[in-house]
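Worksheet: one structure, shown below.
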């Protein structure tokens, strides 16, 4: 995906409150997400709470990681066998 697409995804997921849900559905901690993006965990907390927004290159990296997490969560859900 392009950097612009990742930026748009990040902004959309943050705006509708889905960024945290995507992260949690994939079983990813805030600390792990922060490491993947290259920021402090406190930055991810502020982004998810809506106190701040990622800027510059961070928004595209954040979107790329969220996209990968969403794909992972979908793949995991597809592998679950109904009880």
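The values are calculated or read from the model by the stated rules, or taken from the named source; none is laboratory data. Small disclaimer: the values here were computed from a predicted structure and weren't measured. Every residue, glycine as well, gets a Cβ built from its backbone with ideal geometry; the counts of neighbours run over all protein chains shown.
Output the residues belonging to segment 29-50 that are part of a loop (DSSP other than H, G, I, E, B) and at pLDDT 95 or above.
Answer for segment 29-50, where residues must be part of a loop (DSSP other than H, G, I, E, B) and at pLDDT 95 or above: 29, 38, 39, 40.
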### Query
What tally of residues in segment 1-40 results from selecting those that are surrounded by fewer than 14 Cβ atoms within 10 Å (Cβ to Cβ) and either over 14 Å from residue 71 (Cα atoms) or touching a strand residue (DSSP E or B) at 6+ places or on another chain (Cβ under 7 Å) (or both)?
12
### Task
For residue 76, work out the one condition from (1) surrounded by fewer than 18 Cβ atoms within 10 Å (Cβ to Cβ); (2) in a loop (DSSP other than H, G, I, E, B) it doesn't fulfil.
(2)
